[in-house]
């Protein structure tokens, strides 16, 4: 507590004269630790506080920006029902998980009912549990809650029993951006079915640092034009269907080797470099009407010389650059305020006050809602920010709520929820995305498509699994007969020796390389023995290798470029594992292009293309 007060005194005294009574700081910040523990009051659906309706029918503007620019009578009437504290609280989005216990849900409910916060960002859980929790929270809220999710790959990124689409790196390999628009539209429908309104996507960062530990496979790639075009397609797919897209992580998180979840990255580039590269996608998205932008926690000394100041807390970056120079009129969200990129140097309360002073409209994921509200009130009292500015941002939030239909709020319908969240069209889209992304890096002597002669024996071998994969089962559909093997990523010399003996009698070995998770990884974690075995297979004349992981991990196998066939499938989700054998056996064309430069052998744009299947379908 003493450290917090000391930091707060330094904060305030660094901006105005230090003669302001310290007792006011003590009064406002003391005793605000964590969430309030009073027993929450649960409201039933028919006890919602009355919200005024439009005197004239509301015609929904074509864009969120137009709705913000011309607030409706509903916005004004709801705004007038809010106290000054509640206007601050409307600028706060708290996290919620639907896989926690009753006590946790009661704590969330307490923040909704006592502080009248503006919205929720959902994380892990299940669709039915989340829908029920959401209905309870909405019924208890004075003003309908703006519901969001960090769902770059769709709701399946957070919820079980739902559809997950590819990560953006895989989509970066696709030349047909219409498929990405189609995916964005389907994500929007799934969001609306779950009563959600804001998706913190697309990732508009240009990943030009191979050592980036946090963006990497979450980005569309390293080329600013590709990243921009694909970000626009994803954005339009969502916003054309009523969901607010939020581009992240402004001003650009692609060129760093530090994860802002755990520390404060430093981006040394000057404005000229940023203008030519990092800012390019954001500038174009703004021109095309993106509804929201998320600001990253990064220190950018060329834009703001204040020591250890994250970009989220920088007025030159948020207000001068984003709002004034780039003329962004939509909602400006902070990245999560619980991340070390901001909390390392600024304690709860002070961090949120500084973020509001910098120009952010919405604070996301706070350590302490009461501390934030009290610190922002102190900033208003001391003149660091005007009440009129808080009011204007509150009205922006209300305008966004009306644009997504919250002036006509209805609870989520629970019947057929699972079926509606797993439509046939989503499976079809996922197959199309995976097939379009498959990137053929090697095809020496035009070996593909695989043609199994009568006496040829084929084995399949998956690294990193404990049982044969879907990929291996799919290979079995096209080959006359195969024998399936698996070996650990951590295989020792004895395991490797045994596997080599088993493979001696085979003419070809179809190899699948997997990482530690279905999600792409930065480190595959192979033992030196397993790595050496992969290298030996690559140098042999009988291995056909498919990598089901991040393209950057190619560098973890020094001689992988020597393989007869090397196919990049990007990640291990089911549709990629089905698409890869189709390409290997000539049933679909090779169309994917490498979205990043991996090494001197595989540069951006590499990919052996065939504009038709390698074999006629059905042959």
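The values are calculated or read from the model by the stated rules, or taken from the named source; none is laboratory data. Keep in mind it's a predicted model, so treat the numbers as computed, not measured. Note that we place each Cβ from the backbone using ideal geometry, even for glycine, and neighbour counts take in every protein chain shown.
Things to note:
- With respect to the conditions (1) surrounded by 13 or more Cβ atoms within 10 Å (Cβ to Cβ); (2) closer than 30 Å to residue 220 by Cα, residue 517 falls short on a single one, namely (1).
- Taking the criterion of being without any contact (Cβ under 8 Å) to a residue 40 or more places away in the chain and either out of contact with any strand residue (DSSP E or B) (no Cβ under 6 Å at 6 or more places or on another chain) or outside any loop (DSSP other than H, G, I, E, B) (or both), the only residue of the range 82-97 that qualifies is 83.
- Condition met for residue 140 (in contact with a helix residue (DSSP H, G or I) (Cβ under 8 Å, 6 or more places away or on another chain), modelled with pLDDT of 95 or more and more than 18 Å from residue 412 (Cα to Cα)): no
- One residue alone among 328, 333 is closer than 15 Å to residue 296 by Cα and either in a helix (DSSP H, G or I) or under 25 Å from the mean Cα position of the chain (by Cα) (or both), and that residue is 333.
- So residue 149, is it in contact with a helix residue (DSSP H, G or I) (Cβ under 8 Å, 6 or more places away or on another chain), closer than 26 Å to residue 592 by Cβ, surrounded by 21 or more Cβ atoms within 10 Å (Cβ to Cβ) and outside the structural domain of residue 573 (by TED's automatic domain parsing): no
- Listed by position, the helices (runs of 4 or more DSSP H) enclosed by the range 406-483 that each have at least 2 residues that are under 30 Å from residue 195 (Cα atoms) are 417-420, 424-437.
- Scanning the range 98-128 for residues that are touching a strand residue (DSSP E or B) at 6+ places or on another chain (Cβ under 9 Å) and in a helix (DSSP H, G or I) turns up 104, 105, 108, 111, 112, 115, 127.
- In the range 488-596, counting only strands (runs of 3 or more DSSP E) that sit wholly within it, the ones holding 3 or more residues that are within 23 Å of residue 454 (Cα to Cα) and either touching a strand residue (DSSP E or B) at 6+ places or on another chain (Cβ under 7 Å) or touching a residue at least 24 places away in the same chain (Cβ under 8 Å) (or both) span 508-514, 543-548.
- Qualifying residues in the range 202-227 (those that are assigned to a loop (DSSP other than H, G, I, E, B) and over 21 Å from residue 165 (Cα atoms)) - the one modelled with the lowest pLDDT: 213
- Residue that is nearest to residue 245 (Cα to Cα), among those in the range 134-163 that are in contact with a strand residue (DSSP E or B) (Cβ under 7 Å, 6 or more places away or on another chain) and part of a helix (DSSP H, G or I): 155
- The listed residues are 373, 385, and the only one of them that is out of contact with any strand residue (DSSP E or B) (no Cβ under 7 Å at 6 or more places or on another chain) and buried (at least 23 other Cβ atoms within 10 Å of the Cβ) turns out to be 373.
- Just one of the listed residues (178, 172, 184) is touching a residue at least 40 places away in the same chain (Cβ under 8 Å), surrounded by fewer than 23 Cβ atoms within 10 Å (Cβ to Cβ) and within 28 Å of residue 589 (Cα to Cα), namely 178.
- The single condition among (1) free of Cβ contacts under 8 Å to residues at least 12 places away in the same chain; (2) closer than 26 Å to residue 220 by Cα that residue 167 does not satisfy is (1).
- Residues that are more than 18 Å from residue 438 (Cα to Cα) and either assigned to a loop (DSSP other than H, G, I, E, B) or not assigned by TED's automatic domain parsing to the domain that holds residue 217 (or both), drawn from the range 165-201: 194, 195, 196, 197, 200, 201
- Summed over the range 336-351, the residues that are assigned to a helix (DSSP H, G or I), free of Cβ contacts under 8 Å to residues at least 40 places away in the same chain and either crowded, with 24+ Cβ neighbours inside 10 Å or touching a strand residue (DSSP E or B) at 6+ places or on another chain (Cβ under 6 Å) (or both) give a count of 1.
- Odd one out for residue 502 among (1) modelled with pLDDT of 95 or more; (2) farther than 27 Å from residue 587 by Cα; (3) touching a helix residue (DSSP H, G or I) at 6+ places or on another chain (Cβ under 7 Å): (3)
- The set of residues in the range 300-325 that are within 21 Å of the chain's Cα centre (by Cα) and not in a helix (DSSP H, G or I) contains only 310.
- Of the candidates 547, 560, 566, the single residue that is closer than 15 Å to residue 169 by Cβ, outside the structural domain of residue 175 (by TED's automatic domain parsing) and at pLDDT 95 or above is 547.
- Condition check for residue 255: more than 18 Å from residue 331 (Cβ to Cβ), surrounded by 18 or more Cβ atoms within 10 Å (Cβ to Cβ) and touching a residue at least 12 places away in the same chain (Cβ under 8 Å): yes
- Subset of the range 187-203 [within 10 Å of the chain's Cα centre (by Cα) and crowded, with 24+ Cβ neighbours inside 10 Å]: 199, 201, 202, 203
- Of 360, 367, 308, all but one fail to be out of contact with any strand residue (DSSP E or B) (no Cβ under 7 Å at 6 or more places or on another chain) and within 22 Å of residue 214 (Cβ to Cβ); the exception is 367.
- Residue match in the range 94-101 (condition: out of contact with any helix residue (DSSP H, G or I) (no Cβ under 9 Å at 6 or more places or on another chain), in the same structural domain as residue 378 (by TED's automatic domain parsing) and closer than 27 Å to residue 58 by Cβ): no
- Among the numbered conditions (1) in the same structural domain as residue 156 (by TED's automatic domain parsing); (2) over 28 Å from the mean Cα position of the chain (by Cα), the only one that residue 412 does not meet is (2).
- A single member of 378, 363, 398 is under 24 Å from the mean Cα position of the chain (by Cα), touching a residue at least 24 places away in the same chain (Cβ under 8 Å) and either within 16 Å of residue 94 (Cα to Cα) or part of a helix (DSSP H, G or I) (or both), and it is 363.
- If you filter the range 54-75 down to residues that are surrounded by 13 or more Cβ atoms within 10 Å (Cβ to Cβ) and more than 22 Å from residue 238 (Cβ to Cβ), you find that the one that is modelled with the lowest pLDDT is 54.
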